[in-house]
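The values are calculated or read from the model by the stated rules, or taken from the named source; none is laboratory data. It should be emphasised that the depicted structure is a prediction, and the values quoted were computed from it without experimental measurement. Here the Cβ positions follow ideal geometry from the backbone for every residue, glycine too, while neighbour counts run over all protein chains shown.
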Amino acid sequence: MVEKWGEDYFLLGPYFPQKAASEFEPILDLDDSPAGRTVRRMREMGYSVQYGYWLVTGKPRVVLFDVASMYPLLDRIKFNLWESQRISTINTEDLVNQTLLFGEAVRVYLTAYADEHAKKSDVTAQFHEWMSSSGLSDLRKDNVKIALSFTTHATMLGRYLAQNVTDFYGKLPFFDWEQEARHYNIVTQATIERLSAQNAHVLTTVSDVTARECEVFLGRMPDLVTPNGLNVVRFQAVHEFQNLHVKYKERIQEFVLGHFFPSYSFDLDKTLYFFTSGRYEYSNKGYDLTLEALARLNWKMVQANMDMTVVMFIVTKQPYHSITPHVLQSRAVLDELQETCTAIEKQVGERLFLATAAGSDHKMPDLNNFVDEYWRLRLRRTIQTWKTDELPAFVTHDLVESDGIVEFCRQANLVNNERDRVKIVYHPDFISSTNPLFGLDYGQFVRGCHLGVFPSYYEPWGYTPLECVVRGVPTVTSDLSGFGDYIMQIMRDYENRGIYVINRKSQTFTQAADQMADILFKFVKMQRRDRIMQRNRVENISDVFDWTNLRSYYDTAHDLANKRRKP
């Protein structure tokens, strides 16, 4: 966007000092740009406003409103919303209150901006989600000369209903939005979202899957779909992303070595790393289907007497007390074992060289004679401390309470038995470079895996499979996710390119689990050479999802909004 608009593009957001400390660079002397002049005007009106650069790719200008300082205005804002839009805000939670304050700051800013600049040039405001748009309807009502575009990335009611109502998509046309909003106590949020969609000059959503929800819950079909993308950085040398896969796979192997090998061992050269990740929404994110398919895959692999092993990482966010002590201990003892072996290796190397140089015969000396008693004893004690008769833990943290993932694994006996070919590592915390178990950031972890698994039931778009594609990692998605639906529309041979789409629209849960287990089994049976070729093919299509190409959808939305604004 900065590439297209330059100084005429800027972002509006809430000011959180802690986040701003690392991601925001203030402009201390207000420049004479239109955005800067309006900031000065708002400050004169008594608002606390920050102005500067957001330190992300493109370094866009940002205007940040200190919502905490606006709380004295809350009652007046709520009264005005009821008077002008009939939006009920009684007994709303604090997050909604913050949203209302932010929405009012946006309304005041855009009104002031349009007063000064709308006569000279077209102005478009792009609102993302209901959390930014509580002021949108008043902007339209007051006939402020700004083209209003509203994008919903998921509907509020869709999120709640999909995880609580069986056969959500079959029942979708028959829901009463107001009744359901009252049932889930989200009347304020749902009303703001609905009015924003109806009052915007242009309504867009991120996929055809969500477009159907918009018609039912928001009372309007989107004017167009604006798919999500990423800032795709591709390497000049084709082999570079393969080298990174090998590098980060070795780091994951270190974890696997420390986690499983105290109990039993398996061939790491014949081990594949699968993963799923995202918010903990057990059925919406397809964790239930993933686990069912893994249990079936495990049975298939055991029956076929395969010597391959699959380690499945489930990465999500759940409340926990701490990392399980023996998981941390086995990792620490592995480091100790490595240090001991390195010391022995150095000692043996030096003494072997001296003995060989000084010796007169050509025989290989007995290497045991080159190791001190101290290191022999230390190695023996370290191995003794490391080895255990217990099964490797299938959850790495001490959870506050059991959840669906833990219960399924216990019920299906998918608890890392030695005979199992599918091993589970449930990691209820997002992965970052400071993580003591992996020491990788999320992007590096993804690169080190062989397959990403995301057969979502409710997923308006789905960044997780897309993040796999741009890193050259084959992925499983579903036709109920916006990403899967989009892939099926734009590509015929997607499976050949390493994108597997599970049919969840017309199949039962059991049929979908069978289909997925078959896909995973086929993937496990592939030769290494074929998997490398597939990684090349999937990485080759990543440009399709670059914002450089997908920005045009937003350009179209903004042009249309400007045409509709003018009488």
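Residue check: is Ala200 surrounded by fewer than 24 Cβ atoms within 10 Å (Cβ to Cβ) and either closer than 14 Å to Phe150 by Cα or in contact with a Lys or Arg (Cβ under 6 Å, 6 or more places away or on another chain) (or both)? Considered against the rule, which asks whether it is surrounded by fewer than 24 Cβ atoms within 10 Å (Cβ to Cβ) and either closer than 14 Å to Phe150 by Cα or in contact with a Lys or Arg (Cβ under 6 Å, 6 or more places away or on another chain) (or both), Ala200 comes out as no. So which residues in the range 133-156 are buried (at least 24 other Cβ atoms within 10 Å of the Cβ), assigned to a loop (DSSP other than H, G, I, E, B) and of a type in the set (Val, Ile, Thr)? If the condition is that a residue be buried (at least 24 other Cβ atoms within 10 Å of the Cβ), assigned to a loop (DSSP other than H, G, I, E, B) and of a type in the set (Val, Ile, Thr), then Thr155 is the only one that fits. Put simply, of Pro436, Pro392 the only residue that is within 25 Å of the chain's Cα centre (by Cα), under 15 Å from Val327 (Cα atoms), in a loop (DSSP other than H, G, I, E, B) and modelled with pLDDT under 95 is Pro436. Looking across Tyr500, Tyr457, Tyr494, one residue alone is assigned to a loop (DSSP other than H, G, I, E, B), among the hydroxyl-bearing types (Ser, Thr, Tyr) and closer than 20 Å to Met526 by Cα. It is Tyr494.
Selection of the range 192-235 for residues being under 26 Å from the mean Cα position of the chain (by Cα), in a loop (DSSP other than H, G, I, E, B) and not β-branched (Val, Ile, Thr) yields Ser207, Pro222, Pro227, Asn228, Gly229, Asn231, Arg234, Phe235. Residues in the range 198-218 that are among the small types (Gly, Ala, Ser) and at pLDDT below 95: 2 in all. When Val246, Val256 are checked against the criterion of being in contact with a helix residue (DSSP H, G or I) (Cβ under 8 Å, 6 or more places away or on another chain) and not aromatic (Phe, Trp, Tyr), a single residue qualifies: Val256. Here is the figure for the range 259-295: residues that are among the aliphatic types (A, V, I, L, M) and out of contact with any helix residue (DSSP H, G or I) (no Cβ under 7 Å at 6 or more places or on another chain) total 2. Hey, among Thr38, Thr111, which residue is of a type in the set (Ser, Thr, Tyr), at pLDDT 90 or above, touching a Phe, Trp or Tyr at 6+ places or on another chain (Cβ under 6 Å) and under 28 Å from Val2 (Cα atoms)? Only one candidate qualifies: Thr38. Taking Val446 as meeting all but one of (1) surrounded by fewer than 24 Cβ atoms within 10 Å (Cβ to Cβ); (2) out of contact with any Ser or Thr (no Cβ under 8 Å at 6 or more places or on another chain); (3) assigned to a helix (DSSP H, G or I), write down the number of the exception. Failing condition for Val446: (1). If you check Asp429, Asp366, Asp441 for being of a type outside the set (A, V, I, L, M, F, W, C), closer than 30 Å to Asn540 by Cβ and surrounded by fewer than 23 Cβ atoms within 10 Å (Cβ to Cβ), only one passes: Asp441.
Conditions tested, residue by residue: (1) of a type in the set (Ser, Thr, Tyr); (2) surrounded by fewer than 16 Cβ atoms within 10 Å (Cβ to Cβ); (3) free of Cβ contacts under 8 Å to residues at least 24 places away in the same chain.
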| position | (1), (2), (3) |
| --- | --- |
| Lys4 | no, yes, no |
| Asp29 | no, yes, yes |
| Ala35 | no, no, no |
| Ser48 | yes, yes, no |
| Arg61 | no, no, no |
| Asp66 | no, no, no |
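In the range 379-404, the residues that are more than 21 Å from Phe266 (Cβ to Cβ) form Cβ pairs under 8 Å with partners that are modelled with pLDDT of 90 or more and in a helix (DSSP H, G or I), at six or more places apart or across chains, as follows: Leu399/Val406; Gly404/Tyr287; Gly404/Asp288. If only one of Arg504, Arg529, Arg492, Arg497 is out of contact with any strand residue (DSSP E or B) (no Cβ under 7 Å at 6 or more places or on another chain), of a type outside the set (S, T, N, Q) and surrounded by 14 or more Cβ atoms within 10 Å (Cβ to Cβ), which one is it? One residue alone meets the criteria, Arg497. Taking the criterion of being farther than 23 Å from Glu390 by Cβ, more than 25 Å from the chain's Cα centre (by Cα) and of a type in the set (A, V, I, L, M), would at least one residue in the range 305-324 satisfy it? Checked against the condition, which is being farther than 23 Å from Glu390 by Cβ, more than 25 Å from the chain's Cα centre (by Cα) and of a type in the set (A, V, I, L, M), the range 305-324 yields at least one hit.
In summary, Leu64 fulfils each of the numbered conditions (1) over 17 Å from Ala561 (Cα atoms); (2) out of contact with any Gly (no Cβ under 9 Å at 6 or more places or on another chain); (3) not in a helix (DSSP H, G or I) with the single exception of condition (2). Set side by side, the residues Thr124, Thr99 differ, and just one is more than 19 Å from Gln189 (Cα to Cα), modelled with pLDDT of 95 or more and of a type in the set (S, T, N, Q), which is Thr124. When Gly462 is tested against the conditions (1) touching a strand residue (DSSP E or B) at 6+ places or on another chain (Cβ under 7 Å); (2) touching a residue at least 24 places away in the same chain (Cβ under 8 Å), the lone failure is (2).
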